[in-house]
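Asks: Take a look at this one; I'll ask things after.
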Amino acid sequence: MIRLHHVPFTRSFRILWLLQEMGIESEVARYSITDGSLRSEAFLKISPAGRVPALEIDGQVLFESGAITEYLCETRPEHGFGRPPGHPERVAWLEWIHYAETMAHLIANLNLQWVFLRDPATRSPVLLKIETKRLALTLAPLERALAAQDHILPSGFSAADTMLGYNLLAVPHFVRLDPYPAIRAYLDRIAARPAYRAARAIDGPQRFYAQDFYELTDA
Ligand SMILES: N[C@@H](CCC(=O)N[C@@H](CS)C(=O)NCC(=O)O)C(=O)O
């Protein structure tokens, strides 16, 4: 039995999607970030910081999306989504897998401010400005890579795409993508992938963001 612990439209989507790309069937246990279920004693035994994703697989429980991604690619190399030691793209693959978290912590800070703070008066405009700018800065290297090739790595689709692809679903809620045509075209390519579509269908309609775009006004 393979079971993914998941909150729709969060980092656990990376694993939901990668499992679909690999054709691996899994049970999906769903949680909400706001109802306390991620802090239950039972869930903290699965994921010690009370975070998703966590994946029960091969008789063990793994947490951290990057670690789960590397594990799945190493234990299921036949799908070709990893770049093993010695591969010419090994370093780039590792860099992008982990770069995804450099981006995602900025997205998480913006989610906290825009989505989870109940009282808008407690938002910090300074923090929002800084974190939005820092998130926009992370897009330039991606735009450069994707202007030169269809996927993050020159040789084609890999788990670097499932790690970063989730971020790029969230980014347009905070940063306008008009100056990033290669990223926009990449999002269209991703959206056409059958495994991505299957993962989105399991995920359900996007309900994480109540607004299409979050923007500071001077008022
Ligand atoms: N570095 C971890 C971060 C996991 C993480 O923070 N996940 C968020 C969802 S995107 C979460 O579970 N948040 C719940 C909370 O903060 O209470 C990973 O990549 O798995």
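Each reported figure results from applying straightforward, stated rules to the coordinates on display, with no laboratory input. All values derive from a computational prediction rather than experimental measurement. Backbone-built Cβ (ideal geometry, glycine too); neighbour counts: all protein chains shown.
Asks: Using a simple spin-label model with points 7 Å from Cα along the Cα→Cβ vector, what separation in nm is obtained for VAL91 and LEU44?
Replies: Reported label-point gap for VAL91 and LEU44 is 4.2 nm.
Asks: Given 25 °C and 0.890 mPa s, compute D for segment 3-79 with the Stokes-Einstein relation, Rh being the Kirkwood radius over Cα pairs; round to the nearest whole µm²/s.
Replies: Answer from the Stokes-Einstein relation: 196 µm²/s.
Asks: I've got another one for you. Quick one: net charge around LEU127, please, counting Lys, Arg +1 and Asp, Glu -1 for every other residue with C-beta under 13 Å from its C-beta.
Replies: Net charge around LEU127: +3.
Asks: Give me the dipole magnitude in Debye, nearest 20, for segment 78-152 about the Cα centre, with unit charges on the beta carbon: positive for Lys and Arg, negative for Asp and Glu.
Replies: Dipole of segment 78-152, to the nearest 20 debye: 360 debye.
Asks: While we're looking at this one, here's another question. By the scheme Lys and Arg +1, Asp and Glu -1, what is the net charge of all other residues having a beta-carbon under 15 Å from that of HIS98?
Replies: -2
Asks: Continuing with this model, one more query. If I model a spin label as a point 7 Å beyond the Cα along the Cα-Cβ vector, how far apart are those points for GLN206 and ALA148 in nm?
Replies: It is 2.9 nm.
Asks: Taking the Cα centre of the chain as the origin and placing charges on Cβ (Lys, Arg +1; Asp, Glu -1), which of ALA185, ILE107, SER26 is farthest toward the positive end of the dipole?
Replies: Checked the options; the winner is ILE107.
Asks: Please compute the contact order of the chain in relative form: average sequence separation of alpha-carbon pairs under 8 Å and at least six residues apart, divided by the residue count, as a percent.
Replies: 23
Asks: Now for a different question. Sorted from largest down, give the three principal axis spans of the alpha carbons of the chain, whole angstrom values.
Replies: That works out to 55, 47, 28 Å along the principal axes.
Asks: Next up: Report the charge-dipole magnitude of the chain in Debye, nearest 20, computed about the Cα centre from +1 at each Lys and Arg Cβ and -1 at each Asp and Glu Cβ.
Replies: 340
Asks: Next up: Return the Rg/Rh value of segment 90-193, two decimal places, where both radii are evaluated on C-alpha atoms and Rh is the Kirkwood radius.
Replies: 1.00
Asks: Could I ask something else about it? Once the Cβ-Cβ distance between SER32 and ARG134 is put in as r, and R0 is 25 Å, what FRET efficiency do you end up with, to the nearest 0.05?
Replies: 0.35
Asks: Show the residues, 5+ positions off or on another chain, whose built amide H is closer than 5 Å to the amide H of ALA54.
Replies: So ALA54 has HN proximity to HIS5.
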